[in-house]
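Written out below as structure tokens is the structure these notes cover.
The values are calculated or read from the model by the stated rules, or taken from the named source; none is laboratory data. Computed from a predicted model, the values in this text were never measured in an experiment. Here the Cβ positions follow ideal geometry from the backbone for every residue, glycine too, while neighbour counts run over all protein chains shown.
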Amino acid sequence: VGTGKTTLINALVNSLDKDTIVAVVSDPKLERLEFFNLIATAFKLKKSFKDKLDFTLYFTQFLKAAYKENKKVLLFYFV
């Protein structure tokens, strides 16, 4: 706490170009499925997941679509 992680991440996120899709998740301490849903929410995916397979299949499609549009996907996870 108080080391400047959030400030540093925000500065980096603000310096990225518009071709980067960014999600920031901070130490959620959640169960696995809750964490997957948190990631989906952070990336503004309008879907709730009921299991790991559902998340994996959908998220893979999200990543492939981003790649086809020449976008980069960046997830920040910090404690």
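A few comments on the model shown:
- Cβ-Cβ under 8 Å pairs, at least 6 apart or on other chains, the stretch 56-76 side without any contact (Cβ under 8 Å) to a residue 24 or more places away in the chain, far side charged (D, E, K, R): Tyr58/Lys47
- Summed over the stretch 1-18, the residues that are modelled with pLDDT of 90 or more and either closer than 30 Å to Lys50 by Cα or small (Gly, Ala, Ser) (or both) give a count of 2.
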